[in-house]
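Before any comments, here is the structure.
Just so it is clear, none of the values below were taken in a lab; they were calculated from the coordinates. Predicted, not measured: the structure shown is a model, and the values here were computed from it. Using ideal geometry, Cβ is built from the backbone for each residue, glycine included, and neighbour counts are taken over all protein chains shown.
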Amino acid sequence: MIELISVNKIYTKGAHKIAASNNINCRIVEGEFVAIVGKSGSGKSTLLNLLAGLDTATSGQILFDGADISAFSPNQYAAHRLNNIGIIFQSFNLIFSKTALENVMLPLIFAGLSATERLAKAKRVLEQVGLADRMQHKANELSGGEAQRVAIARALVNEPKVLLADEPTGNLDSATTEEILDILLSLKAKGKTIIMITHDREIAEKVADRILTIKDGVLSE
Ligand SMILES: Nc1ncnc2c1ncn2[C@@H]1O[C@H](COP(=O)(O)OP(=O)(O)OP(=O)(O)O)[C@@H](O)[C@H]1O
Ligand SMILES: [Mg+2]
């Protein structure tokens, strides 16, 4: 489903060059749950941004269902994100003054659905993550685990093929971490492809089919 061929992402800071992605080659099969494990600064978020089409590689190819997304125009990138990718960000990225329901409905505005359809879809995914009774709460009235479930619901509402999760349990206690991992596993059971970033190898071993390690931008099996 996803193939990276000699992907490099070089950041230049004055005379300094940082290879945040360093000649990355990898394949991800549909339905796989892949964990990418690495320390802070190793290049995890950079790789996720490239996969999401939120950033472009310096060189190399990123194939998604055979199409080279590295050659996409901004409009093609936007369509790719809308149709194929759900992202759970490192820090929730919710709009805290809006309700859980409003946060989840937001991405659907770009999908050209009616208000009724948006409402029905958003309610359905919030139920799926166990938040039926919190839909009208503002995001700033939710616990960390609840906020993360809203973020998962928002990532799912477009029915993406791939779910990219950047440290989805990074800010959570161990009981809430288990709940979130269970949700991710149930999504995998429904056929979603999941790529989860974590610095915690133990968490990766609990849930992933395959663990990739990243160090100084170099990805290895
Ligand atoms: N926009 C940027 N400009 C310059 N350097 C950057 C930029 N973004 C990231 N980097 C550098 O690239 C490297 C990888 O960063 P990245 O954010 O991918 O790390 P990470 O593995 O996600 O770390 P963390 O676990 O702390 O989130 C780091 O050395 C970082 O300083
Ligand atoms: Mg990061």
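Here are some notes:
- One quarter of the surface of the convex hull around the alpha-carbon atoms of the chain equals 12.2 nm², the direction-averaged projected area.
- For the stretch 141-156, Karplus couplings with θ = phi - 60° (6.51, -1.76, 1.60), whole Hz, Gly/Pro x: 9, 9, 6, x, x, 5, 4, 5, 5, 4, 4, 5, 4, 5, 5, 8
- Residues 118, 149 arranged by fewest to most Cβ contacts within 10 Å: 118, 149
- Rounded to whole numbers, the Karplus 3J(HN,Hα) couplings from phi for the stretch 119-129 are 4, 5, 5, 5, 4, 4, 6, 5, 5, 4, 9 Hz, using 6.51 cos²θ - 1.76 cosθ + 1.60 with θ = phi - 60°, and x at Gly and Pro.
- Value of [θ]222 nm, deg cm²/dmol, for the chain, DSSP H segments ≥ 4, -39500 (n - 2.57) each, nearest 500: -10500 deg cm²/dmol
- Over all other residues within a Cβ to Cβ distance under 14 Å of residue 61, the charged ones net out to -1, with Lys and Arg as +1 and Asp and Glu as -1.
- Each DSSP beta bridge with both residues in the chain is either parallel or antiparallel, and the antiparallel ones are about 55%.
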